[in-house]
1. Which strands (runs of 3 or more DSSP E) does the range 81-149 wholly contain that include 2 or more residues that are of a type in the set (A, V, I, L, M) and either at pLDDT 50 or above or touching a His at 6+ places or on another chain (Cβ under 8 Å) (or both)?
2. Run Ile19 past the list (1) in a loop (DSSP other than H, G, I, E, B); (2) over 17 Å from Phe8 (Cα atoms) and report the number of the one that doesn't hold.
3. What number of residues within the range 1-57 satisfy the criterion of being among the β-branched types (Val, Ile, Thr) and more than 15 Å from Leu78 (Cβ to Cβ)?
4. Taking the range 3-53, which residues are of a type in the set (A, V, I, L, M) and farther than 23 Å from Ser90 by Cα?
5. Consider Ser110 against the criteria (1) farther than 16 Å from Leu32 by Cα; (2) of a type in the set (Gly, Ala, Ser); (3) surrounded by fewer than 16 Cβ atoms within 10 Å (Cβ to Cβ): it satisfies all of them except one. Which criterion is unmet?
6. Please identify the pairs in which a residue from the range 94-113 that is farther than 10 Å from Ser76 by Cβ has its Cβ atom under 6 Å from the Cβ atom of a residue that is outside any loop (DSSP other than H, G, I, E, B) and modelled with pLDDT under 85, counting only partners at least 6 apart or on another chain.
7. Tally time: how many residues in the range 15-34 are crowded, with 18+ Cβ neighbours inside 10 Å and either touching a strand residue (DSSP E or B) at 6+ places or on another chain (Cβ under 7 Å) or modelled with pLDDT of 95 or more (or both)?
8. Just checking, how many residues over the range 68-80 are of a type in the set (A, V, I, L, M), assigned to a loop (DSSP other than H, G, I, E, B) and under 14 Å from Ser42 (Cα atoms)?
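The values are calculated or read from the model by the stated rules, or taken from the named source; none is laboratory data. Nothing here was measured: the structure is a model prediction, and the numbers come from that model. Note that we place each Cβ from the backbone using ideal geometry, even for glycine, and neighbour counts take in every protein chain shown.
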Amino acid sequence: MYPSSLQFAYLAENQIQDIPSEIGLARSLSVLQLHENALQGSIPSEMGLLSNSLLELTLSNNALQGSVPSELGELSNLYMLFLSDNPDLSGTLPVEVMTNLTALQAIDVSNTSVILPPDGLQHPLKALAQNLTYYQWINECKEIFPCNGPK
């Protein structure tokens, strides 16, 4: 379904309704933009199979549900993660996402129900946030680090 050489998928604003689990077969994919579609259901754990290639993942402004899969923590080269404006995306952001994404420079989970772990103030994400060029959180955001946008 996905050519092995596919590197960039700019599929925003196309009324796409789901992310097929076969997405993990696109092993050369470096940019996946699916914002402003009609995505429903959960983020497939198979996204973690893109660990060597994916640099940017944009799933904002959809109707995604469930929790953020811990497999996203395998995307070690990821530098942009945008999940905002998915009101039914929920749960605690997995520790793997907060500790393994050392290349991360931008993250946005605003207008979701995603929260930090209960020990948020002591969590490694606080240290990670010092290296981000842009970050935005909901709920405990202001207690953990300022949400002022670009540095």
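1. 106-108, 113-115
2. So Ile19 meets the others, but not (2).
3. Here the count works out to 2.
4. Leu6, Ala9, Leu11, Leu25, Ala26, Leu29, Val31, listed by residue number.
5. Failing condition for Ser110: (3).
6. Close Cβ pairs satisfying both conditions: Met98/Leu125; Ala106/Tyr134; Ile107/Tyr135; Asp108/Gln136; Ser110/Gln136.
7. 4
8. Qualifying residue count, the range 68-80: 1.
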